[in-house]
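Colleague: First the structure, then my questions, so here it is.
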Amino acid sequence: KAGVTQTPRYLIKTRGQQVTLSCSPISGHRSVSWYQQTPGQGLQFLFEYFSETQRNKGNFPGRFSGRQFSNSRSEMNVSTLELGDSALYLCASSLNSGPGHYEQYFGPGTRLTVT
Amino acid sequence: LAKTTQPISMDSYEGQEVNITCSHNNIATNDYITWYQQFPSQGPRFIIQGYKTKVTNEVASLFIPADRKSSTLSLPRVSLSDTAVYYCLVGATGGFKTIFGAGTRLFVKA
């Protein structure tokens, strides 16, 4: 079974621009979560989508948004990029959603550099 | 969500057994304990999950005492490739506000 895929793997953008990252979950998984990882803040939860609905959102500004399509693929968008948005963005999929103890499968991440 | 406390870093040598302990004093009755491993520039990888006593798989063992206020991840006979960050999570791990702590950076030396 193919794992979680993320595209692109690397991205360089200029401050003020916007960016869209893509995630394809494992086949059959309907939950997709996004995380931001930086050396200073570690792994932080951005949001989770399940069956095209955002189930939960972390403490990030409105510049960070996402969506999920009917095939469970997900995209996240960051508008008006700031230098501090430089990070590894990770996508994870799981079979189920909500509070519980479901194993998450992470993708390799997209390394975003904002200059 | 229960807060977790782990050592920031640990060193070991190849072939040794490594035990990483995680404290979670406020663990709730329904909480599970899950460990992930992360290599640089890669996403975390699930290692093991348990609720009580002992769980073992092909990669590691997880020991949970009766009071469940702590847990210990045991890696038998580590190799250089086990050098990674290990995260202990308690509670919801299905994406619902999953909280990763700082993790334990394990460095395995030859």
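The values are calculated or read from the model by the stated rules, or taken from the named source; none is laboratory data. As the structure is a computational prediction, the values presented were derived from the model and not from experiment. Don't worry about glycine lacking a Cβ; one is built from the backbone with ideal geometry, like all the others, and counts go over all protein chains shown. We work out accessible area using only protein heavy atoms, side chains counted, and drop any ligands, DNA or RNA first. Shrake-Rupley method; radii C 1.70, N 1.55, O 1.52, S 1.80 Å.
Colleague: Give me the Kirkwood hydrodynamic radius of chain B, using the inverse of the mean 1/r over all pairs of distinct Cα atoms, in Å to one decimal.
Modeller: 13.9 Å
Colleague: Separate question: Near B:Lys109, which aspartates and glutamates are there with a Cα under 18 Å away, not counting those fewer than 8 places off in the same chain?
Modeller: B:Asp11, B:Glu14, B:Glu17, B:Asp82
Colleague: Excluding B:Val108 itself, calculate the net charge of residues whose Cβ lies under 14 Å from the Cβ of B:Val108, where each Lys or Arg counts +1 and each Asp or Glu counts -1.
Modeller: -1
Colleague: Over all directions, what mean area does the Cα convex hull of chain A project, stated in square nanometres?
Modeller: Result: 6.7 nm².
Colleague: At A:Ser22 and B:Asp67, where each label point lies 7 Å from the Cα along Cα→Cβ, what is the point-to-point distance in nanometres?
Modeller: Taking the simple label geometry, A:Ser22 and B:Asp67 are separated by 5.2 nm.
Colleague: Under 14 Å Cα to Cα from B:Lys54, which aspartates and glutamates show up? Leave out anything in the same chain fewer than 8 places away.
Modeller: B:Asp67
Colleague: Taking only protein heavy atoms into account and a 1.4 Å probe, give the accessible area per residue of chain A in Å².
Modeller: Working: 5340 Å² over 115 residues.
Accessible area per residue, chain A: 46 Å².
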